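Just so it is clear, none of the values below were taken in a lab; they were calculated from the coordinates. Since we're looking at a predicted model, the values are computed, not measured. With ideal geometry, Cβ positions are generated from the backbone for all residues, glycine too; neighbour counts draw on all protein chains shown.
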Amino acid sequence: MIWLELAIIQRALVGCLLAGFLTGLIGVFVVRMRLSAIGYSMSHGAFAGAALGVAVSVNPLFTAMSFSAATALLIGPVADKARLHADTVTSIAFPLNMALVFIFLTLSPQIGLSSEVASVLWGSVISMTNNDMVYLTTLCAAALALIHFFWKELFAIMYDRKMAEADGINTKPFVYFIIFLVGLVVTLSLKLVGGLLIFALLFNPASSALQFLHDMKKIVIVSPAIGSVTCVSGLMLSLVLDLPIGSCIVLVSTFIFALSVLLSPKRKRKEVKQ
Amino acid sequence: MEPIIRLESVSTIYEGERRPAIRDVNLTLDQNELVYVVGPNAAGKTTLLETINGLLPIFKGRVLVFGLDMQTRGKDVRREIGYVPQDFMVEPGEPYAALDVVLMGRYGKIGVLRRPDKEDLEKATEAMRLMDVDDLANRPMGKLSGGQQQKVMIARALAKEPRILLLDEPFSNLDPDSRERIPTLISRVHEERKMTTIIVTHDIHQMLSLCSRVVVMNSGRIVADENPEKALAILERASGSRPWEVAP
């Protein structure tokens, strides 16, 4: 029994490290490319998909993935083709996805607030499986490799997308790539953190790192580290206080952000030398 | 010989707007021409530059640069165009060093999956030296003054070694000394590299002797396209302040 519990906690710990790393990494691009609304909408798209999976007893991972991909398509290429502003599409997609979440959960009253539903809503330590570990590790490796190869283009787009375009960089594929990556990261981290709170992990670590550092390359290293520390600390807090893991992770990440704002050297007024 | 830039009855309309920002614009620029574009606010000067650069979709007409249609080949052609926008100011906490920003000018030329090499770094450093901002290479952009940021943006455009240079109010934030020095320097680089250069400005007197033509815009249209002497005559008739109102 003790071994079983230990295995669950080990999986949750590794899951937290990986999910925190991924959300912290991808969050830098979301924040710097001003895709916050998109991240918000994507997380709720994945949430709606997972709710559908729970309602029709299909693996929520696959339905969440499908909804994420559909939302990414809607926000990226479809919005561009229809010449709709991303803000307009995200403003429509967000309440639509939330409405679908409630409909899917209402249509399956026999499930009620089972552990599966609870894990989709606010995350669960026991929900992580070995397969989830493999998916997260693979995604980590793929994301790192792709960011390494396309760093130059992403670096320029994060500075100023219009200027990157003016310099001859085709920015659209790279922005779509980040949107799809957000969808994948959110989907695979959903079980651990929950659909209601996952977006906090996309913004808080990156925003905290931005309070301290003047070098984007360092920010891309520090933000995933903050993400991992946040998730592991949230897990510990959840185990000690017996509270939902997603809520604990968000509390920790908000605390870290508040602390970084308070201590930020960028915000300190320069002392006037006498 | 094929002109470097050719606009044929071009109209550009911003999304959600009913009136085109520029309308029925015809303009031809040959190699090594240095052209001034002047006009009041909302005359369409910035839109003209962004239309030539292919950053705005056109509503009507055709923009050809090096004989290539910018609507379909813009991404390739932009690698040969150095552009300094009017709005370039960054927030104080911006986590980018000045050298990083200048080096970005070469990214399009370098191509996907390749990293900047020693030569790229040398070109970027040389452009910074030319603009007298090489000592600011490692400083964060957000910590530079407006004038220093403007010089960094000009260095970014020059580091690209472009065949076309499009500058939108490039001297607006410079200190008086730099206002004297930089226009002459740009004119020299323009001559040395045989570039085709368009400079949008409010200050018509500055560098007028260095340009080959002056294009006057008003309400989205080109109302005059003259050599500097005739432009000066128009200036004099307009008491030197609002030439677009008396342009033929």
So who's got an amide H within less than 5 Å of the one on B:Tyr14, skipping anything under 5 residues away but keeping other chains? H placed 1.01 Å off N, in plane.
B:Ala21
Residue by residue through the stretch B:59-69, what is 3J(HN,Hα) from phi via Karplus (6.51 cos²θ - 1.76 cosθ + 1.60, θ = phi - 60°)? Round to whole Hz and write x for glycine and proline.
8, 8, x, 8, 10, 10, 10, 6, x, 9, 6
Would you mind computing, in nm to one decimal, how far apart the modelled labels at A:Leu144 and B:Glu91 are, each placed 7 Å from Cα along Cα→Cβ?
2.9
Out of B:Lys60, B:Lys143, B:Lys118, a Gaussian network model of chain B with alpha-carbon springs under 10 Å gives the largest mean-square fluctuation to B:Lys118
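Taking each pair of different alpha-carbon atoms in chain B once, compute 1/r for the pair, average those values, and report the inverse of that mean as the Kirkwood hydrodynamic radius in Å to one decimal.
Working: mean 1/r = 0.0538 Å⁻¹.
Averaging 1/r across every pair of different Cα atoms and inverting gives 18.6 Å.
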Shielding by partners, peptide A:92-103 (average Cβ within 10 angstrom, other chains)
0
Which of the lysines could be linked to B:Lys123 by a straight reach, that is with a Cα gap under 19 Å, when you skip same-chain ones fewer than 8 residues away?
A:Lys152, B:Lys109, B:Lys151, B:Lys160, B:Lys194
Using the Karplus curve 6.51 cos²θ - 1.76 cosθ + 1.60 with θ = phi - 60°, work out ³J(HN,Hα) for each residue of the stretch A:92-107 in order, rounded to whole Hz, and write x for Gly and Pro.
7, 5, 4, x, 4, 5, 5, 4, 5, 4, 5, 5, 4, 6, 6, 6
Please list 3J(HN,Hα) in residue order for the stretch B:158-174, calculated via the Karplus relation 6.51 cos²θ - 1.76 cosθ + 1.60 where θ = phi - 60°; whole Hz, with x for glycine and proline.
6, 4, 5, 6, x, 8, 10, 10, 10, 10, 9, 6, x, 10, 4, 9, 6
With Cα atoms, 0 to 90° folded angle of helix B:176-192 axis to chain B main axis:
90
Residues B:His202, A:His214, A:His44, A:His148 arranged by fewest to most Cβ contacts within 10 Å:
A:His148, B:His202, A:His214, A:His44
Under 27 Å from the Cα of B:Lys60, which lysines turn up, not counting those fewer than eight places away in the same chain?
A:Lys81, A:Lys162, A:Lys172, B:Lys45, B:Lys75
Within a 10 angstrom radius of the beta carbon, how do A:Met216, B:Met104 rank from fewest other beta carbons to most?
A:Met216, B:Met104
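For the stretch A:1-81, divide the Cα radius of gyration by the Kirkwood radius and give the resulting Rg/Rh value with two decimals. Intermediate results must be reported in sequence, preceding the final value.
On the way: Rg = 16.0 Å, Rh = 14.6 Å.
So for the stretch A:1-81, dividing Rg by the Kirkwood Rh gives 1.10.
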With the convex hull built on the alpha-carbon atoms of the protein assembly as shown, volume per residue in Å³ sits at 169
Could you work out the mean count of beta carbons from other protein chains within 10 Å of each residue's beta carbon in B:102-108?
6
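Given a Förster distance of 45 Å, report the FRET efficiency between B:His202 and B:Glu122 from their Cβ-Cβ distance, rounded to the nearest 0.05. List each step's numbers first, then the result.
Values: r = 35 Å, r/R0 = 0.78.
About 0.80, to the nearest 0.05.
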What are the radius of gyration and Dmax of the stretch A:2-262, computed over its Cα atoms and given in Å?
17.8, 60
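Using a Förster radius of 45 Å, what is the FRET efficiency between B:Arg19 and A:Thr129 based on their Cβ-Cβ separation? Nearest 0.05, please. Provide the component values of the computation, followed by the final result.
Values: r = 59 Å, r/R0 = 1.32.
With R0 = 45 Å, the Cβ-Cβ based efficiency is 0.15.
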Convex hull projection area averaged over all views, the stretch A:154-274, Cα basis, nm²
10.2
Counting each DSSP H run of 4 or more residues in the protein assembly as shown as -39500 (n - 2.57), what helix-only mean residue ellipticity at 222 nm follows after dividing by all residues, to the nearest 500 deg cm²/dmol?
-18500 deg cm²/dmol
By counting other Cβ atoms within 10 Å of each Cβ, how are A:Asp215, A:Asp167 ranked from fewest to most?
A:Asp215, A:Asp167
Obtain the nm distance between the two label points defined at B:Arg221 and B:Asp175 by a simple spin-label model: each point lies 7 Å from its Cα along the Cα-to-C-beta direction.
4.4
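Roughly what % of Cα-Cα distances in the stretch B:148-192 sit above 11 Å, to the whole percent?
Details: 680 of 990 pairs.
Tail of the P(r) past 11 Å holds 69 percent of the pairs.
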